[in-house]
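Below you'll find the structure, written out as structure tokens, and then a few comments.
Laboratory data are not the source of any read-out in this text; all were calculated from the coordinates shown. Note that the coordinates shown come from a computational prediction; the quantities given were computed from them, not determined experimentally. All Cβ positions, glycine included, derive from the backbone under ideal geometry; neighbour counts span all protein chains shown.
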Amino acid sequence: MNVMLVSVAERRLEIGIRRALGARRRDIQSQFLTEAVILSLCGGVVGIALGIGVAWAISTYSGWTFHVATNAVALGAGTASGVGVLFGYVPAYQAARLDTIAVLRGH
């Protein structure tokens, strides 16, 4: 959430220009929600890959059998997406509600 809040704060001028050129609040909100989901999914994919890699390494050295449960991978990816939507909503809402005139004036 903090990353997305910082992104909104740093991109206020971009948001103001997009709004001045005709972007709707829904467009701005969708953009930031999409970015949050993509960012969360990237983190989820890295986490899943590291988890599988560590589990494989442990099973190789301990002699255990190694099996990847596809439902666990899907659950991890789904959870990452859900977290992206959940924690991306507030920054997306704030970005969509910025006052275009004030942003373009520099306030």
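A few remarks follow.
- Taking segment 44-91 as the range and being out of contact with any Leu (no Cβ under 8 Å at 6 or more places or on another chain), within 23 Å of V6 (Cβ to Cβ) and not aromatic (F, W, Y) as the test, the residues that pass are G44, V45, V46, G47, G82, V83, L86.
- Pairing residues of segment 56-70 that are without any contact (Cβ under 8 Å) to a residue 60 or more places away in the chain with residues that are part of a loop (DSSP other than H, G, I, E, B), at Cβ distances under 7 Å and at least 6 apart in sequence or on separate chains, gives W56/F66; S59/T65; S59/F66.
- The residues on offer are I15, I101, I48, and the sole one that is among the β-branched types (V, I, T) and either exposed (fewer than 15 other Cβ atoms within 10 Å of the Cβ) or out of contact with any helix residue (DSSP H, G or I) (no Cβ under 6 Å at 6 or more places or on another chain) (or both) is I101.
- If you go through segment 78-94 and keep only what is crowded, with 16+ Cβ neighbours inside 10 Å and more than 12 Å from the chain's Cα centre (by Cα), you end up with just Q94.
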